[in-house]
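Everything below concerns the one structure shown next.
Every number here is computed from the coordinates shown, using simple stated rules; none is lab data. All of these numbers come straight from a predicted model, not from anything done at the bench. Positions of Cβ are backbone-derived with ideal geometry, glycine not excepted, and every protein chain shown enters the neighbour counts.
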Amino acid sequence: MDDGKRKTPGCAVTTPLACRLKRQIQLAGPITVADYMAACLFDPDYGYYTTRQPFGSDGDFITAPEISQIFGELVAIWVIHLWMERGEPAPFCLAEIGPGRGTLMSDMLRIFRSLRPDMLQAASIHMIEASPKLATVQKDRLAGEPIRWAGEISQLPEQPLILVGNELFDAIPARQYVRTGSAWHERMVGLDQEGNLCFLAGPGSLDPALLPPGKAEKAEGAIFEIAPAREAMAQSIAAHVMRCGGAALLFDYGHLMPGYGDTLQAVREHRHEDPLASPGHADLTSHVDFHALAKACAVAGAEAAFLEQGEFLRMMGLRERVNRLAAGLPLSRAQAVREAAMRLASPEGMGVLFKAMSIHPPGLEPYPFAMPGERN
Ligand code: SAH
């Protein structure tokens, strides 16, 4: 039942994790795409996030906070605005989830100190990080700051919560289903006749009622993705916000409407490669289905709202901040500031593919998801 896609010649001798996975598959059979993704990202010995520090221009890929300090600065303004709008609760919990190298928090703290040091006094700051290696990187970067580290949302204090996160959901494993005949079978990673990792269709299949419209027209081999672990994460953030008050702001790339397609992708040294080529050595992500996340938030009684990243940044004052920052710089550095901002906000860059998502109690959309006076 091989779906015929993405055979990986030469996969036999790639990485230590490939050897381990092959042995596991020989002994116990194929594994789901979600388990493959989880091993590639978080295997304690060989996982990408557990062994590497991948972000930045010298890493495998670059993220918004690493592209420009302005990203973190505008997110900080959003935090301050929300805190004020909610009546300046004290104490409150300020959390970042999936903080990578700690750059976003570092840029936010600078703004908090200069604009609202009293807000900082009222905040119990938490970083939620799954990778012990990255938590160490963050602790070094933010040494001396009044920050506590946690492994998951449930460890946050029961206080009003303002939570931010960038590119968290895309790094949480997703499952795939492949059309095989009239059924949609779970896509697995197994071994081909030469003993190389390959994709194949497993025995388990998806209840067709869970498929979005258009399933009948899909060709043999078409892919549908779901990510229960992402939905569970969104739901636990939403439940915390409903219990304690506050809101969350999460940036990620993906689609607002459910659909079909194989979005699993591997990136190494700023280049795309076959997701089976070098497990543990490449970053592995897939597009986020924001529609599914909104439904998960609704289960917890919360609401979700969305803006394209470019729109969000412009409404938070991107242009003004760029002009202000560039004004004091020599021409070439000013140009670099403008180019970085373009990359964050233009449709050719990250401005449209990336979305800003707010999770909040019903009717309490924070600015700029609803303009003042627009609320019902
Ligand atoms: N926000 C950073 C890093 C993005 S990469 C930036 O924009 O540069 C994804 C981050 O999420 C990594 O720090 C990874 O270790 C973390 N992560 C992945 N799954 C997580 C989980 N379940 N809980 C907390 N952190 C997680």
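Each Cα pair under 8 Å and six or more residues apart adds its separation to the average, and for region 324-365 the resulting relative contact order is 18 percent.
Start at zero, step by 10 Å, and the Cα-Cα distances of region 200-338 spread as 9, 25, 29, 24, 10, 3, 0 percent across the bins.
GNM on the chain, alpha-carbon springs under 10 angstrom: the most fluctuating residue among Leu163, Leu191, Leu74 is Leu191.
By the helix-only formula, in which each DSSP H run with n ≥ 4 contributes -39500 (n - 2.57) and the sum is divided by residues, the chain has a 222 nm mean residue ellipticity of -11000 deg cm²/dmol. Checking the cross-link pairs Lys133/Lys295; Lys22/Lys295; Lys218/Lys295 against a 27 Å limit on the alpha carbon distance flags Lys133/Lys295; Lys22/Lys295 as lying beyond it.
Taking every DSSP bridge with both residues inside the chain, close to 60 percent are antiparallel.
The charge dipole of the chain, taken about its Cα centre with unit charges on the Cβ of Lys, Arg, Asp and Glu (plus for the first two, minus for the last two), comes to roughly 500 debye.
Count Lys and Arg as plus one, Asp and Glu as minus one, and take only other residues whose Cβ is under 13 Å from that of Phe354; the net charge is then -4.
Close amide H partners of Ile125, meaning residues 5 or more places away or on another chain with modelled amide H under 5 Å apart, are Leu94, Arg148.
Peptides 65-71, 28-34, 237-243, 209-215 ordered by packing proxy, namely the average of other Cβ atoms within 10 Å per residue, highest first: 65-71, 237-243, 28-34, 209-215. All other residues whose Cβ lies under 13 angstrom from that of Ala171 are scored, Lys and Arg at +1 and Asp and Glu at -1, for a net of -4. Note on region 1-158: Cα Rg divided by 2.2 N^0.38 Å, N the number of residues, gives 1.33. Taking the Cα centre of region 303-347 as origin and assigning +1 to Lys and Arg Cβ atoms and -1 to Asp and Glu Cβ atoms, the resulting dipole is close to 320 debye. Counting Cα-Cα pairs of region 127-242 in 5 Å increments starting at 0 gives whole-percent bin shares of 2, 9, 14, 15, 13, 11, 11, 10, 8, 5, 2, 0. In the chain, Cα pairs under 8 Å separated by at least six residues give a relative contact order of 21 percent.
Just to confirm a number: summing +1 for Lys and Arg and -1 for Asp and Glu over residues other than Thr136 whose beta-carbon lies under 12 angstrom from that of Thr136, what do you get? So the environment of Thr136 carries a net charge of +2.
What's the extension gain from His270 to Ser154 if we count 0.36 nm per residue and subtract their Cα-Cα distance? This chain segment gains 38.3 nm when fully extended. Using only side-chain charges placed at the Cβ, +1 for Lys and Arg and -1 for Asp and Glu, the dipole size of region 198-301 relative to its Cα centre rounds to 380 debye. Take every DSSP beta bridge whose two residues both sit in region 233-376; close to 90 percent of them are antiparallel. Projected over every direction and averaged, the convex hull enclosing the alpha-carbon atoms of the chain yields 19.9 nm².
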